[in-house]
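Visitor: The structure under discussion is supplied below as structure tokens; questions concerning it will follow.
The values are calculated or read from the model by the stated rules, or taken from the named source; none is laboratory data. Here the structure is a predicted model, which means the values were calculated and not measured. Cβ sites come from the backbone with ideal geometry, for glycine too, and all protein chains shown count toward neighbours. Quick note on the areas: whole protein, heavy atoms, side chains included, nothing else; ligands and nucleic acids left out. Shrake-Rupley method; radii C 1.70, N 1.55, O 1.52, S 1.80 Å.
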Amino acid sequence: MSVAPRQKQAPSYWDEACAQLARQDRALVGLLQAFPAERLQGGGDAFVTLANSIIGQQISVRAAEQIWGRLNQRVQPLTPEHVLATPADELKQVGLSTRKVEYLTDLARHFSDGRIEPDQFDHLSDAEVIARLTDVRGIGRWTAEMFLIFHLLRQDVLPLDDIGLQRAVAQHYGWPYPFPLKQLDAFAERWRPWRTVATWYLWRSLDPIPVAY
């Protein structure tokens with residue numbers, strides 16, 4: 001079944017979240033004021049988003065962009081059905097490793113046979129979305145959390161394993177790095193139910209352009 005991609009949009013909850021975070025954590029106020037016009041942007045095509053994440057794993061941004069461009073030239077349009085119809089040797093010719101070809105085709109099968117249905121995401125909890133996505137070879141919890149944040153715009157995601165978040169917390173709260181993740185997990189309770197928004201601003205403080213996925 002074909003599902004229309006989500007339109008790119010900013011979360012409707014953003015301003016409310018910022019107002020509450022400013023009251024709950026004074027250390028965030030400077031970050032909220034530093035980027036007043038910027039917002040998390042989410043949406044797009046679920047399969048393309050996840051395929052891109054698989055291709056970008058463990059290689060440089062430049063290499064990932066080159067492979068992604070060649071893949072989109074070879075497989076047009078980039079859909080689960082077209083990926084499954086493309087021989088593995090042709091997928092390798094764009095620069096994909098044998099393992100990433102396996103990951104990409106497993107992702108395509110999950111979409112094709114209905115194990116992942118994008119139109120159901122809005123009816124699933126964060127934990128349920130993570131469980132569906134991590135059933136795909138090559139997709140771990142961090143990738144699933146990025147999908148929750150940048151595709152589904154879920155408001156209360158805390159990607160504990162994210163190095164950028166950890167480094168930003170160490171910088172802005174004066175923590176020695178590295179620190180126990182359970183310390184961050186407990187500390188971030190003050191940000192509920194807006195942990196996505198707090199995370200985004202902490203990321204933004206380290207990056208010269210808005211964080212995207």
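Visitor: With a 1.4 Å probe and all protein chains kept in place, how do Arg26, Arg137 rank by accessible area, largest first?
Guide: My answer, sorted largest first, is Arg26, Arg137.
Visitor: Let me ask another. Accessible area of Glu128, 1.4 Å probe, to the nearest 10 Å²?
Guide: The value for Glu128 is about 90 Å².
Visitor: Which length gain, in nm to one decimal place, applies between Trp175 and Glu81 when the Cα-Cα distance is subtracted from 0.36 nm times their residue separation?
Guide: My answer for the length gained is 29.0 nm.
Visitor: Would you tally the net charge around Ile55, using a Cβ to Cβ cut-off of less than 12 Å, leaving Ile55 out, and scoring K and R as +1, D and E as -1?
Guide: +2
Visitor: Distance between the C-alpha centers of the range 80-145 and the range 155-213? Whole Å please.
Guide: 27 Å
Visitor: Suppose R0 equals 45 Å. What FRET efficiency, 1/(1 + (r/R0)^6) with r the Cβ-Cβ distance, do Gln20 and Arg137 give to the nearest 0.05?
Guide: That pair, Gln20 with Arg137, gives E of 0.70.
Visitor: Using a simple charge model, +1 on the beta-carbon of Lys and Arg, -1 on the beta-carbon of Asp and Glu, nothing else, what dipole does the chain show about its Cα centre, in debye to the nearest 20?
Guide: With only Lys, Arg, Asp and Glu charged at Cβ, the dipole is about 500 debye.
Visitor: With a probe of 1.4 Å, find how much accessible area the chain has per residue, and write the answer as a whole number in Å².
Guide: 51 Å²
Visitor: Report the one residue of Ala88, Phe147, Ile130 whose Cα lies farthest in the direction of the positive end of the charge dipole of the range 24-174 (charges on C-beta: Lys and Arg +1, Asp and Glu -1; origin at the Cα centre).
Guide: The listed residue farthest towards the positive side: Ala88.
Visitor: What is the sum of charges around Ala34, taking Lys and Arg as +1, Asp and Glu as -1, for the other residues whose C-beta is under 13 Å from the C-beta of Ala34?
Guide: My count for the surroundings of Ala34 gives -1.
Visitor: At R0 = 35 Å, how high is the FRET efficiency between Leu160 and Ser12 if r is their beta carbon distance? Nearest 0.05 is fine.
Guide: Given R0 = 35 Å and the Cβ-Cβ separation, E is 0.85.
Visitor: While we're here: If you take every residue apart from Gly95 with its C-beta less than 14 Å away from the C-beta of Gly95, what net charge results, scoring Lys and Arg +1 and Asp and Glu -1?
Guide: Local charge sum for Gly95: +3.
Visitor: Right, another one. Roughly speaking, to the nearest percent, how much of the range 77-125's 1.4 Å accessible area is carbon and sulfur?
Guide: C and S atoms contribute 47 percent here.
Visitor: Suppose R0 equals 45 Å; then what is the FRET efficiency for Ser60 and His123 from their Cβ-Cβ distance, rounded to the nearest 0.05?
Guide: Between Ser60 and His123 the formula returns 0.75.
Visitor: If you put +1 on each Lys and Arg Cβ and -1 on each Asp and Glu Cβ, how big is the dipole of the range 32-131 around its Cα centre, in Debye rounded to 20?
Guide: Using Cβ point charges on Lys, Arg, Asp and Glu, the range 32-131 gives about 540 debye.
Visitor: Taking the Cα-to-Cβ direction at Gln41 and at Glu189 and moving 7 Å from each Cα, how far apart do the two end points lie in nm?
Guide: Taking the simple label geometry, Gln41 and Glu189 are separated by 3.7 nm.
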